[in-house]
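**Student:** Following this message is one structure expressed as structure tokens.
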Amino acid sequence: MNLDLHTAAWVHTAFEYLGIAVGVWLWRRTLRTQQLGGPLSDRNFTVVVGLLLGAAIGNKGVFLIERPDVALAIWQGQWLWPGQSIVGGLLGGLIGVELAKWATGQTRSTGDALVLPLVVGITIGRVGCFLAGLHDDTYGLPTTLPWGIDLGDGVARHPSPLYEIGFLAALAALLWRTRERLAVVPGLQFKLFLAAYLLWRLLGDGLKPVRQPYPLGFSGIQWVCLVALLFYAPLVWRAIGRLPPKARTEARPT
């Protein structure tokens with residue numbers, strides 16, 4: 001697999017926007033199915049604005065944490081367009097939604113409706129990352145394992161985007177199987193999804209090259225995931241505590 005830079009950029013962008021489009025379509029469909037109202041009805045418009053603005057800011061912000069060299073170049077006046085970070089988009093979107101709900105006095109949780117769209121959207125986007133090969137920052141470290149993939153430089157590497165697709169499939173299957181029990185606590189399914197994804201990125205990104213190392217040799221994204229988990233884990237645990245005893249046991253990580 002050895003696409004030239006121009007083709008790789010177009011392929012990656014095409015899958016990225018396809019993932020966003022399919023995710024938005026699934027989100028609207030899920031909202032209607034769960035009778036939560038259309039995404040632009042009532043005060044949901046404010047929530048949508050908060051989601052989009054938060055995700056956009058977080059997307060770029062966490063990328064610049066991951067790549068301080070790019071941030072410095074922009075600060076020095078160079079015209080560079082920052083890349084994107086799924087972790088930043090998720091965390092920024094979460095903060096944006098919570099701020100919008102606080103501003104409009106909403107207390108109802110609608111995060112569960114985002115789980116399936118996020119799984120599908122991220123999966124489609126990771127297909128684009130994999131096809132872009134060495135022109136994307138998500139390729140893996142060299143490996144001698146039999147499933148290592150040569151992305152065009154003659155080196156067998158961990159297929160990190162495919163690992164993430166497999167993780168998302170397993171996580172989605174688990175959440176789907178327990179959806180009725182988790183539904184007792186609105187928002188718990190999303191909390192479990194986000195916590196699991198942050199933990200995955202904290203560990204899984206250890207199989208990717210670290211371009212700008214931070215303390216402990218972690219990447220910027222790994223540190224963001226670690227800090228986010230430290231703040232978010234107590235919220236997840238409290239939500240699990242609201243489950244009936246039987247469901248609580250089944251929902252806790254093993």
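**Student:** Taking the beta-carbon count within 10 Å as an exposure proxy, list 33, 144 from fewest neighbours to most.
**Tutor:** Least crowded to most crowded, the residues run 144, 33.
**Student:** Step through the residues of the stretch 185-202 one at a time and calculate ³J(HN,Hα) from phi using the Karplus curve (6.51 cos²θ - 1.76 cosθ + 1.60, θ = phi - 60°), rounding each to whole Hz and writing x for Gly and Pro.
**Tutor:** 10, x, x, 5, 4, 5, 4, 5, 4, 5, 4, 5, 5, 4, 5, 4, 5, 4
**Student:** Just rank 231, 167, fewest to most, by other beta-carbon atoms within 10 angstrom. Working shown, then result.
**Tutor:** Numbers: 231 9, 167 18.
Listing 231, 167 from fewest to most nearby Cβ atoms yields 231, 167.
**Student:** Using θ = phi - 60° and the Karplus form 6.51 cos²θ - 1.76 cosθ + 1.60, what ³J(HN,Hα) does each residue of the stretch 8-19 get, whole Hz, x for Gly and Pro?
**Tutor:** With coefficients 6.51, -1.76 and 1.60, one gets 4, 5, 5, 4, 4, 5, 4, 5, 4, 6, 5, x Hz.
**Student:** Something else about it: Which FRET efficiency value, to the nearest 0.05, is calculated for residue 174 and residue 76 with the Förster distance at 51 angstrom and r the Cβ-Cβ distance?
**Tutor:** It comes out at approximately 0.65.
**Student:** Continuing with this model, one more query. Long-range amide H contacts for residue 157: which residues qualify at under 5 Å (H placed 1.01 Å from N, peptide plane, sequence gap of 5 or more or a different chain)?
**Tutor:** Under 5 Å from the amide H of residue 157 lie the amide H atoms of 143, 149, 150, 151, each far enough along the sequence or on another chain.
**Student:** May I pose another question? Please list, in chain and number order, the residues 5+ apart from residue 208 or on another chain whose amide H is under 5 Å from its amide H, with Hs placed from the backbone.
**Tutor:** 141
**Student:** May I ask you to list the residues of the stretch 209-231 whose amide nitrogen lies under 12 Å from a point 7 Å from Cα along the Cα→beta-carbon direction of residue 69?
**Tutor:** Answer for this model: 210-213.
**Student:** Ok, one more. Return the sequence-ordered ³J(HN,Hα) values of the stretch 51-56 in whole Hz as given by the Karplus equation 6.51 cos²θ - 1.76 cosθ + 1.60 applied to θ = phi - 60°, using x for Gly and Pro.
**Tutor:** Residue by residue, the stretch 51-56 yields 4, 5, 5, x, 5, 5 Hz.
**Student:** With +1 on each Lys and Arg Cβ and -1 on each Asp and Glu Cβ, how big is the dipole of the chain about its Cα centre, in debye rounded to the nearest 20?
**Tutor:** 1200 debye
**Student:** Divide by every residue of the chain the summed helix terms, -39500 (n - 2.57) for each DSSP H run of at least 4, and state the resulting mean residue ellipticity at 222 nm, rounded to the nearest 500 deg cm²/dmol. Before the final figure, lay out each step's value.
**Tutor:** Values: 10 runs with 165 residues, N = 254.
My calculation for the chain gives -21500 deg cm²/dmol from helical runs alone.
**Student:** In nm, what is the difference between 0.36 nm times the number of residues separating residue 231 and residue 207 and their Cα-Cα distance?
**Tutor:** 6.2 nm
**Student:** Multiply the residue gap between residue 25 and residue 57 by 0.36 nm, knock off their C-alpha separation, and tell me the result in nm, one decimal place.
**Tutor:** Extending this stretch completely gives an extra 9.3 nm.
**Student:** Separation between the residue 4 and residue 84 pseudo-spin-labels, each 7 Å from Cα along Cα→Cβ, expressed in nm?
**Tutor:** Result for the modelled spin labels: 2.5 nm.
Since every read-out is calculated from the coordinates, none of them should be taken as a lab result. Everything quoted here is computed from the prediction, not taken from an experiment. Heads up, the Cβs are rebuilt from the backbone with ideal geometry, glycines too, and the neighbour counts pull from every protein chain shown.
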